[in-house]
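Following: one structure in structure tokens, then a few remarks.
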Amino acid sequence: MTTRRHLLGVAALVSVLLIAAGAVVTARLLSRQSPDPVAGPSAPATPTASADSPAPTPASPTPPPGADITGPLNLLLVGVDTRISVPGWEPHADAVLVLHVPAGLNRAYLFSLPRDLVVDIPAYPRSGYPGGRTKLTHAMSYGSRVPGDKGHPSTAQGYELLRTTVSKYTGLRIDAGAVLTFGGFDKLVDALGGVDLYVDQRVASIHRKPDGQYRDRAGGGYVGPQMVYEKGDRHLTGWQALDYARQRYTAGGDYTRQRHQQQLIRALARKILDQGLAGDPARVDQVVGALGKTLVYVGGGRQLVDIAYALGGLPADGFVLVGLPGAGVGSGGSYRGEQLQTVGRQFLAALRGGTADAFLAAHPKLRVKT
């Protein structure tokens, strides 16, 4: 696997930050910079009505963007391996996360779906895909195909087929989402001054040396000194945070990687809010600029500002991280992919029914500790 492919395991985290925690910052900034919707900062005093003049009619207040969004709201956040340097390479969904915000918009549940989850991918005539049962990651690839133009796959088409597949599997309507490609993540973390994270198990990096340089390749693998993240409270720089959260060859495999990604999301969201970026437009520009052109917002008819205002009242501690356990499935002794265990599928049903809090209270092991 290339370095770029591993970058995508954590790439969707930036999407979460921009649409979730970052949306709070955006909403507060826009609220602070916009005039009062009724009068405005320099509106003249209302003249006193006289007997010869009719009473003035007050202006109708203009509701803020997204005021009609009351929930539930579901955001699909995707890290995509495009390998743009390889001609004809089809994008793969290397990380798939769903942010579910119930009615009232005062709570949010973030969970990952395994990239190797075996699902039914519906037919997609635009790309010529007939439909089939295979790994979730392939939905992005099959949907991205442009008949007659193999050299220029469409990430937008791929997202659409992936969105439809995730919606069908979870039973959740997907309202908006984001696709993140290469680059920007380590710069984002560094722009925030690094991140403080509790490392919950010892993790040895497959890809990096202790000084941050990439390890040498030999015989199809990596050789030489390894960066090691010891258990405990750690302050991580950009490249360290990226490297730590993409490691999948640990106890627990890809499910551990999903947990580490979610923990990093939570830590970065708190960092953004704790720094009070809403009061410092220059810092907001610096942080958002770190993303470059790596993020593509897919609104489903909704502007990003609508989502920002809708999530503006979501407290930092309102994010609930959920780990859905799964297991490998196969046929004739060969590995086909992953499936969620019964309790994971039951959690999805609880989300649909609006009983997620009660379900998590009865199944506390599903909560990801931070």
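For this structure, a couple of remarks:
- Complete set of residues in the stretch 87-106 that are among the aliphatic types (A, V, I, L, M) and buried (at least 21 other Cβ atoms within 10 Å of the Cβ): Ala93, Ala95, Val96, Leu97, Val98, Leu99, Val101
- One residue from Asp211, Asp175, Asp200 being under 22 Å from Leu97 (Cβ atoms), more than 21 Å from the chain's Cα centre (by Cα) and at pLDDT 80 or above: Asp200
- Subset of the stretch 349-370 [touching a Gly at 6+ places or on another chain (Cβ under 7 Å) and within 16 Å of Pro325 (Cβ to Cβ)]: Leu366, Val368
- The stretch 205-228 residues that are of a type in the set (A, V, I, L, M), paired with ones that are modelled with pLDDT under 90 and exposed (fewer than 15 other Cβ atoms within 10 Å of the Cβ) (beta carbon under 9 Å, 6 or more apart): Ile206/Gly221; Ile206/Tyr249; Ala218/Gly224; Val223/Asp216; Val223/Arg217; Met227/Gly212
- Checklist (1) at pLDDT 70 or above; (2) assigned to a helix (DSSP H, G or I); (3) under 29 Å from Asp233 (Cβ atoms) applied to Ile307, failing item: (3)
- Within the stretch 348-363, the residues that satisfy the criterion of being under 12 Å from Pro72 (Cβ atoms) and over 21 Å from the mean Cα position of the chain (by Cα) are Gly353, Gly354.
- The single condition from (1) in contact (Cβ under 8 Å) with a residue 40 or more places away in the chain; (2) touching a Leu at 6+ places or on another chain (Cβ under 9 Å); (3) of a type outside the set (Phe, Trp, Tyr) that Gly143 fails is (1).
- Residues that are farther than 30 Å from Arg270 by Cα and either surrounded by 15 or more Cβ atoms within 10 Å (Cβ to Cβ) or within 20 Å of the chain's Cα centre (by Cα) (or both) within the stretch 313-347 comprise Arg336, Gly337, Glu338, Gln339, listed in sequence order.
- Exactly one residue among Val203, Val199, Val189, Val179 is within 22 Å of Gly253 (Cα to Cα) and crowded, with 23+ Cβ neighbours inside 10 Å, and that residue is Val203.
- Elements of type helices (runs of 4 or more DSSP H) in the stretch 119-209, at least 3 residues being closer than 30 Å to Thr237 by Cα: 185-191
- Filter pass, Pro64 being over 17 Å from the mean Cα position of the chain (by Cα) and either crowded, with 19+ Cβ neighbours inside 10 Å or modelled with pLDDT under 85 (or both): yes
- When Arg217, Arg234 are screened for being part of a strand (DSSP E or B) and farther than 17 Å from Val189 by Cα, only Arg217 passes.
- Close pairs (6 angstrom Cβ cut-off, 6 or more residues apart or separate chains): surrounded by fewer than 15 Cβ atoms within 10 Å (Cβ to Cβ) in the stretch 230-255, of a type in the set (S, T, N, Q) anywhere: Lys231/Gln201
- One residue from Arg133, Arg163 being of a type outside the set (Ser, Thr, Tyr) and either crowded, with 18+ Cβ neighbours inside 10 Å or touching a Phe, Trp or Tyr at 6+ places or on another chain (Cβ under 9 Å) (or both): Arg163
- Residues that are surrounded by 22 or more Cβ atoms within 10 Å (Cβ to Cβ) and of a type outside the set (A, V, I, L, M, F, W, C) within the stretch 138-152 comprise His138, Ser141, Tyr142, Gly143, Ser144, listed in sequence order.
The values are calculated or read from the model by the stated rules, or taken from the named source; none is laboratory data. Here the structure is a predicted model, which is why all the values come from computation and not from measurement. FYI the Cβ positions are ideal-geometry reconstructions off the backbone, even for glycines, and counts take in every protein chain you see.
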